[in-house]
Amino acid sequence: MQPPIPTLPPKERLILDLLIAQGPLFGLQLVALSEGMLKRGTVYVTLGRMETKGFVRSEQEAMPPGAIGLPRRLYYPTPLGERVVRAWSVMARELLPEMQP
C-alpha cells in the first residue's frame, strides 16, 4: 500500500513559504509575518499537524537561567516540506495556468 499523497492547505503552504524564505522562525514570528493570515490561536495546531506530516521540525529554545514561562520552539522546513512546496507549485502551474501572473 502506498502512503497517501500529501495535502497542502493554504495555511500550511504559507508557513512553509515563510520558513523557506526567512529561515527558522518561532510561532509568533510566523503570525507577525503572515499579515493577518495566521492567528495565535491556530498557528501551533497547524505547526503540530505539519510536524506529524513531516513538513517541519522544531527545536525547543534553551531557557536562560532564571527565566520563567514556557520555552519557545523554533520551526524549520524539512526537505520533505520543501519538496512538497515545489511539487505543489508545479502542479498549480500545470493545472491552473490562467491563475499565473
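Label positions at Lys39 and Glu51, each projected 7 Å from the Cα along the C-beta direction, are separated by 2.2 nm.
When the chymotrypsin sites (Phe, Trp or Tyr not before Pro) in the range 36-101 are filtered for DSSP coil states and for at most 16 other beta-carbon atoms within 10 Å of their beta-carbon, no site remains. Amide hydrogen proximity for Arg72: with H placed 1.01 Å from N in the peptide plane, the residues at 5 or more positions away or on another chain lying under 5 Å are Glu61. Scaled against the 2.2 N^0.38 Å expected of a compact globular protein of N residues, the Cα radius of gyration of the chain reads 1.21.
Here the dipole of the chain is about 200 debye; that uses its Cα centre as origin and unit charges on the Cβ of Lys and Arg (positive) and Asp and Glu (negative). Only one residue of Pro24, Met37, Ile68 has its Cα farthest out toward the positive end of the dipole of the chain, where Lys and Arg carry +1 and Asp and Glu -1 on Cβ, and that residue is Ile68. Met91 sits among other residues whose Cβ lies under 13 Å from its own Cβ, and their net charge, with Lys and Arg +1 and Asp and Glu -1, is +3. Sites listed here are trypsin sites (Lys or Arg not before Pro) in the range 1-71 whose DSSP assignment is loop and whose Cβ has at most 16 other Cβ atoms within 10 Å: Lys39.
Run the numbers on the chain and let me know its relative contact order in percent, using alpha-carbon pairs under 8 Å that are six or more apart.
30
Which GluC sites (Glu not before Pro) in the range 1-98 pass both tests, a DSSP loop state and at most 11 other beta-carbon atoms within 10 Å?
Qualifying residues, ordered by number: Glu35.
Calculated mean residue ellipticity, 222 nm, the chain: -16000 deg cm²/dmol, from DSSP H runs (n ≥ 4) at -39500 (n - 2.57) each, averaged per residue and rounded to 500.
Bear in mind these aren't lab numbers, they're just calculated from the coordinates by the rules spelled out. Given the structure is predicted, the values throughout are model-derived calculations rather than measurements. Cβ: placed from backbone, ideal geometry, glycine included. Neighbour counts: every protein chain shown.
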